[in-house]
Amino acid sequence: MKIVLKNLTKVFTNKKTQSEVRAVDNLDIEIPDGKLVGLLGPSGCGKSTTLFMISGLQTPTSGRIFFGETDVTNLAPEKRGIGLVFQNYALYPHMTVLQNIMFPLTNQKISKKEATNRAHVAASLVQIEELLDRKPAELSGGQQQRVAIARALVKNPNVLLLDEPLSNLDARLRLQTREEIKRIQRETGVTTVFVTHDQEEAMSISDFIVVMKLGVVQQVDVPQVVYDDPINLFVAKFLGTPPINSFLGEIRNHKVYIGNDEIMETEFEDQEIYVGIRPEGFIVADDGVLSCEIQQLEVMGRDVSIIAKNAACEKPTLRAIVDADIKVPATGLVKFNLKPNKVFLFNRETEYRLGKEPIVESAPIENEQPIEANEAGESVSTVEE
């Protein structure tokens, strides 16, 4: 089931001051049938408001929402054919796992026999068949999240909506559960919207990611394309672990300078710029083009992280990741050559990549075009489906 948002606008009004926040502004986006799309951005960027309007928990100020060809803008959440999973699980503590999974079907007045059969199928899909007689208090966080996903899937939804479902899990469980979410999505083929502020989560499981900042969609594409070809400095900084290194630079006579170091040639005209260099873009070389002062080395198995200083770096230190076999002194001067595909040049004023035009029009995700939207996140109370 594809999801189409047409000219979707959401305005929140402060009751005390009567001031307005345009949370979503004329959003046009199409989520293809059967895809898993990640809404990605820092806290407060507006991911959740978009999700809650899709679910029906929040009503758009204007615009339309379509599931396939059906206009669901004013349809109640329980009539949209959605499965919704919150980060806090929202399980009934007095019910068993089986009863929790069956609960949405009970509300739909489906026979107990059919509801039980469907609950067993959903439990099998998320691999918790042996837990059906337990209460939520007897489960780990990862197991509780699987129960919540099974409860969302038991209705055979057309659309699955996940609101930061891994936030309450430890690092290992997050890794395991995100793999399970991707497996389940592939097996069921259900169109899925996944909200997260964790770029590693979004990049690892999404078919497409929508990167948002302060309510505005910055870039939409497959994860690796967004990483390799960021449209602006925010996207470049937000995606990547460790994050990209940003330097104050300038172009003079078609040559790029960081401080007094000439690092590369360029087709662009003279101007002040930001130079972004991915940590994996550094090559230690005696005749390197960029000089830095080593502060510390961190040996991480197959890699070495060089923590160094450069006067033009925006942060106190920069980080370069190199092969552990390369001999690097613990202190002193180090010179780097740079991998051209890991170096990005940004306009100092607009922070857009040089040669990239600002986002001015929305477009379907399936065409892999950038889109624009404005939105501010707002918390809502958990509502049982």
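The values are calculated or read from the model by the stated rules, or taken from the named source; none is laboratory data. Remember, it's a predicted structure, so these values are computed and weren't measured experimentally. Because the Cβ atoms are built from the backbone with ideal geometry, glycine has one as well, and the counts that use them run over all protein chains shown.
Some points to look at:
- Within the range 104-145, restricting attention to residues that are polar (S, T, N, Q) and assigned to a loop (DSSP other than H, G, I, E, B), the residue that is farthest from Gln87 (Cα to Cα) is Ser111.
- Of the listed requirements (1) part of a loop (DSSP other than H, G, I, E, B); (2) of a type outside the set (Gly, Ala, Ser); (3) within 29 Å of the chain's Cα centre (by Cα), Ile101 misses just one: (1).
- Unmet requirement for Gly355, which otherwise passes all of (1) in contact with a strand residue (DSSP E or B) (Cβ under 8 Å, 6 or more places away or on another chain); (2) modelled with pLDDT of 55 or more: (1)
- For the range 146-173, a residue qualifies if it is part of a helix (DSSP H, G or I), over 23 Å from Asn117 (Cβ atoms) and touching a helix residue (DSSP H, G or I) at 6+ places or on another chain (Cβ under 7 Å), and exactly one does: Leu173.
- The range 11-22 residues that are touching a residue at least 24 places away in the same chain (Cβ under 8 Å), paired with ones that are of a type in the set (Lys, Arg) and in a strand (DSSP E or B) (beta carbon under 8 Å, 6 or more apart): Val11/Arg22; Arg22/Lys10
- When residues of the range 24-48 are limited to those that are touching a Gly at 6+ places or on another chain (Cβ under 6 Å) and not in a loop (DSSP other than H, G, I, E, B), the one surrounded by the most Cβ atoms within 10 Å (Cβ to Cβ): Lys47
- Comparison of Glu293, Glu250 shows that the only residue that is over 15 Å from Val334 (Cβ atoms), in a strand (DSSP E or B) and not polar (S, T, N, Q) is Glu250.
- Just so you know, in the range 140-156 the residues that are within 16 Å of Tyr89 (Cα to Cα) and of a type in the set (D, E, K, R) include one that is nearest to the chain's Cα centre (by Cα), and it is Arg146.
- Within the set Ala137, Ala90, Ala119, the sole residue that is within 31 Å of the chain's Cα centre (by Cα) and crowded, with 21+ Cβ neighbours inside 10 Å turns out to be Ala119.
- Single residue of Leu8, Leu36 found to be within 18 Å of the chain's Cα centre (by Cα) and in the same structural domain as Arg134 (by TED's automatic domain parsing): Leu36
- Tally, over the range 182-226, of residues that are more than 12 Å from the chain's Cα centre (by Cα), surrounded by fewer than 24 Cβ atoms within 10 Å (Cβ to Cβ) and not polar (S, T, N, Q): 10
- Test result for Glu280, under 24 Å from Ala236 (Cα atoms) and either within 32 Å of the chain's Cα centre (by Cα) or in a helix (DSSP H, G or I) (or both): yes
- Per-region count, the range 287-304, residues more than 28 Å from the chain's Cα centre (by Cα), closer than 21 Å to Asn341 by Cα and among the acidic types (Asp, Glu): 1
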